[in-house]
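K.L.:
Below you will find the structure I want to go over with you.
The values are calculated or read from the model by the stated rules, or taken from the named source; none is laboratory data. Model, not experiment: these values are computed from the prediction. Cβ: placed from backbone, ideal geometry, glycine included. Neighbour counts: every protein chain shown. Ligands, DNA and RNA are stripped out before the accessible areas are found, and what is left, the full protein with its side chains, is counted by its heavy atoms. Shrake-Rupley method; radii C 1.70, N 1.55, O 1.52, S 1.80 Å.
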Amino acid sequence: QTYYYAISAGYTANCKDVWVADISYLRSVVSEGDKYASGYKTTVSYSASKMKSMIKSAYGIDLSNVDKSKWFSIKYDENGAYVRSVNLGGKKTVSGSSIRETLCSYALRSTAFKVNYNKSTDKFTFTVYGYGHGIGMSQVGADYYAEQGWSYEQILTHYYPGTTVG
């Protein structure tokens, strides 16, 4: 399977961190051109009351009695880019993909995100890097490497390490 997507978070994601399956050629590699792309970094904000309602609806947990600054405790991949898991107020742990897909209904463009709670505005802001699942080849990254003079074989073997082009 030669998965691809639009924009990485500066690295591609390990398949096992996003989809659980550990496929040897779908592992993290640097993708340096992506940070120059339009749409590389986006933000999405929710009021705390909206976020509380979303969490209750998606996961059946109530965070009313939990300090809002502790609603999201995130564990990242080895590059500190893609979210492996999120502990929700000490009550439930879910995957980064679940936050993107289930909680935020794909409003987050990837699972490479940071969450900040602003007490003065009572809002949660997700800063999101990249666009897509992050597994395999970044289209923007491949284009960047082609512009640097890489051959298609070099690009493919970079994004799918351990493979050969036949």
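K.L.:
Considering SER69, SER57, which residue is small (Gly, Ala, Ser), open to solvent by 40 Å² or more (accessible area, probe 1.4 Å), within 19 Å of SER120 (Cα to Cα) and at pLDDT 95 or above?
P.N.:
Going through SER69, SER57 in turn, the sole match is SER69.
K.L.:
Would you confirm whether any residue within the range 78-91 is open to solvent by less than 30 Å² (accessible area, probe 1.4 Å), farther than 16 Å from SER8 by Cβ and assigned to a loop (DSSP other than H, G, I, E, B)?
P.N.:
yes
K.L.:
Another one. Mind checking which residues of the range 1-46 are within 11 Å of TYR82 (Cβ to Cβ), of a type in the set (S, T, N, Q) and open to solvent by 30 Å² or more (accessible area, probe 1.4 Å)?
P.N.:
none
K.L.:
If you check every pair at least six apart or on different chains, which have Cβ atoms under 8 Å apart with a residue in the range 26-42 that is among the hydrophobic types (A, V, I, L, M, F, W, C) first and a residue that is not in a loop (DSSP other than H, G, I, E, B) second?
P.N.:
Correct list of pairs: LEU26/CYS15; VAL29/TYR11; VAL29/HIS158; VAL29/TYR159; VAL30/TYR11; ALA37/ILE7; ALA37/VAL140.
K.L.:
Continuing with the same structure: Kindly indicate whether ASN65 is over 19 Å from SER8 (Cα atoms), part of a loop (DSSP other than H, G, I, E, B) and not hydrophobic (A, V, I, L, M, F, W, C).
P.N.:
yes
K.L.:
Does at least one position in the range 137-147 carry a residue that is modelled with pLDDT of 95 or more and part of a loop (DSSP other than H, G, I, E, B)?
P.N.:
No, every residue in the range 137-147 fails to be modelled with pLDDT of 95 or more and part of a loop (DSSP other than H, G, I, E, B).
K.L.:
In the range 16-48, which residues are of a type in the set (A, V, I, L, M) and part of a loop (DSSP other than H, G, I, E, B)?
P.N.:
VAL20, ALA21, ILE23, LEU26, VAL29, ALA37
K.L.:
Can I ask one more? Quick one: in the range 138-166, of everything that is of a type in the set (Val, Ile, Thr) and either touching a residue at least 24 places away in the same chain (Cβ under 8 Å) or closer than 20 Å to ALA9 by Cβ (or both), which residue is surrounded by the fewest Cβ atoms within 10 Å (Cβ to Cβ)?
P.N.:
Ranking the qualifying residues of the range 138-166, first place goes to THR163.
K.L.:
When MET51 is evaluated against the numbered criteria (1) under 26 Å from TYR5 (Cβ atoms); (2) open to solvent by less than 70 Å² (accessible area, probe 1.4 Å); (3) in contact (Cβ under 8 Å) with a residue 24 or more places away in the chain; (4) not in a loop (DSSP other than H, G, I, E, B), which criterion, by number, is the only one it fails?
P.N.:
Unmet condition: (1).
K.L.:
Is it the case that the range 94-110 has a residue that's within 11 Å of the chain's Cα centre (by Cα), closer than 26 Å to GLY162 by Cβ and in a loop (DSSP other than H, G, I, E, B)?
P.N.:
Checked the range 94-110: at least one residue is within 11 Å of the chain's Cα centre (by Cα), closer than 26 Å to GLY162 by Cβ and in a loop (DSSP other than H, G, I, E, B).
K.L.:
Restricting to the range 96-107, give me the number of residues that are open to solvent by 10 Å² or more (accessible area, probe 1.4 Å) and touching a strand residue (DSSP E or B) at 6+ places or on another chain (Cβ under 6 Å).
P.N.:
1
K.L.:
While we're looking at this one, here's another question. Just for the range 108-137: of the residues that are under 13 Å from TYR11 (Cβ atoms) and of a type in the set (S, T, N, Q), which one is surrounded by the most Cβ atoms within 10 Å (Cβ to Cβ)?
P.N.:
THR111
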